[in-house]
Amino acid sequence: MSNKIGIYAGSFDPVHAGHLAFAKSALDDGLDRVMFLVEPRPRRKQGVRALEHRIAMVQLAIANEPKFGLIILEQARFTPQDTLPALQARFKGAELHLMLGDDVLDHLVSFVAGWPNIDYLANNMIFIVAARNKSVQDIESSMRTLQKISGYKFRYQIIKDELPSISSTLVRPALRRGSRPSGISPKVWNYIQLHQLYSPAAASK
């Protein structure tokens, strides 16, 4: 039986309890490992912290989780045609699962016509979607829309566990004020403080 590997790509600016809860739920739903893949140049996002800082924060957050890992790829931007072969080469024979939030699924549905080689995802990966802000029925509807627009059949499963209502967008304002949100681990918080990552003068540190 092949290993089931979750590929959790994101900006992780910063990594927080919501990310970890989704990853743990995916393990409970049958994955053998979850690999965090920090995006160097995230789409649709400006002013993210430098890649080395976001990688360091993920390393600190997952240090005590033996079934979590970190992948670093020498690619400026992730694309199906470039990134998927690199992942397949690294995890030979594994069943790869692409982990994404329901907000990312909405973006994929909206821009699927402009995604080259989206058939790579349909043919080689299974989606794991976190039901955070949408119902399972709404996510299933989005998947049907995605399949209709793209012309490809996507395999997917939905994480229905109760996930923390936290996002990086919500925690960054608190970090800029110098306060620690409840979803940020002590180690990540100490790193943020040490490097002053979210101070008003350090938006691109």
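Just so it is clear, none of the values below were taken in a lab; they were calculated from the coordinates. Values in this document were obtained by computation on a predicted structure and should not be read as measured data. A quick note on method: Cβ atoms are made from the backbone with ideal geometry, for glycine too, and the neighbour counts reach across all protein chains shown.
For a quick check: sort Tyr198, Tyr8 by the number of other beta carbons within 10 angstrom, fewest at the front.
On the way: Tyr198 21, Tyr8 25.
In increasing order of surrounding Cβ atoms, one gets Tyr198, Tyr8.
Any idea what angle helix 102-111 forms with the longest principal axis of the chain, computed on alpha-carbon atoms, 0 to 90 degrees, nearest 10?
60 degrees
Using a cut-off of 15 Å between beta-carbons, work out the net charge of the residues near Pro40 (Lys and Arg +1, Asp and Glu -1, Pro40 not included).
Numbers: positive: Arg41, Arg43, Arg44, Lys45, Arg49, Arg54, Arg77; negative: Asp13, Glu39, Glu52, Glu74, Asp82.
Summing Lys and Arg as +1 and Asp and Glu as -1 gives +2.
Once you list every other residue whose beta carbon is under 12 Å from the beta carbon of Met57, what net charge do they have if Lys and Arg are +1 and Asp and Glu are -1?
Working: positive: Arg49, Arg54, Lys187; negative: Asp13, Glu52.
So the environment of Met57 carries a net charge of +1.
Can you put His16, His53, His195, His107 in order of Cβ neighbours within 10 angstrom, beginning with the fewest?
Values: His16 23, His53 20, His195 17, His107 13.
In order of increasing Cβ crowding within 10 Å: His107, His195, His53, His16.
Among Met57, Phe111, Ala26, which residue has its Cα furthest toward the positive end of the charge dipole of the chain, with +1 on Lys/Arg Cβ and -1 on Asp/Glu Cβ?
Farthest towards the positive end: Met57.
Subtracting the Cα-Cα distance from 0.36 nm times the residue separation, let me have the gained length for Asp138 to Ser165 in nm, one decimal.
Details: separation 27, 0.36 × 27 = 9.72 nm, distance 1.79 nm.
Residue separation times 0.36 nm, minus the Cα-Cα distance, leaves 7.9 nm.
Using only the alpha-carbon atoms, how far is helix 80-90 inclined from the longest principal axis of the chain? Give it as 0 to 90 degrees, nearest 10.
Result, in degrees: 80.
For the chain, what is the calculated [θ] at 222 nm in deg cm²/dmol (nearest 500), taking -39500 (n - 2.57) for each run of four or more DSSP H residues and dividing by its residue count? Kindly include the intermediate steps, with their values, before the conclusion.
On the way: 8 runs with 84 residues, N = 205.
Result for the chain: -12000 deg cm²/dmol, rounded to the nearest 500.
Diagonalise the Cα gyration tensor of the range 4-195 and give the resulting equivalent ellipsoid semi-axes, square root of 5 times each eigenvalue, largest first, whole Å. Spell out each step's value before the answer.
Values: eigenvalues 141, 68, 57 Å².
Here the semi-axes work out to 27, 18, 17 Å.
7 Å from Cα along Cα→Cβ at both Ala76 and Lys45: what's the point-to-point distance in nm?
Calculated label separation equals 1.9 nm.
For each pair in Lys134/Lys160; Lys45/Lys134; Lys4/Lys24; Lys45/Lys187, compute the distance between the two Cα atoms and list the pairs where it is over 20 Å.
Values: Lys134/Lys160 10 Å; Lys45/Lys134 22 Å; Lys4/Lys24 14 Å; Lys45/Lys187 25 Å.
Result: Lys45/Lys134; Lys45/Lys187 exceed 20 Å.
Just add up the charged neighbours of Ser168: K/R +1, D/E -1, any other residue whose Cβ is under 11 Å from the Cβ of Ser168.
In short, +3.
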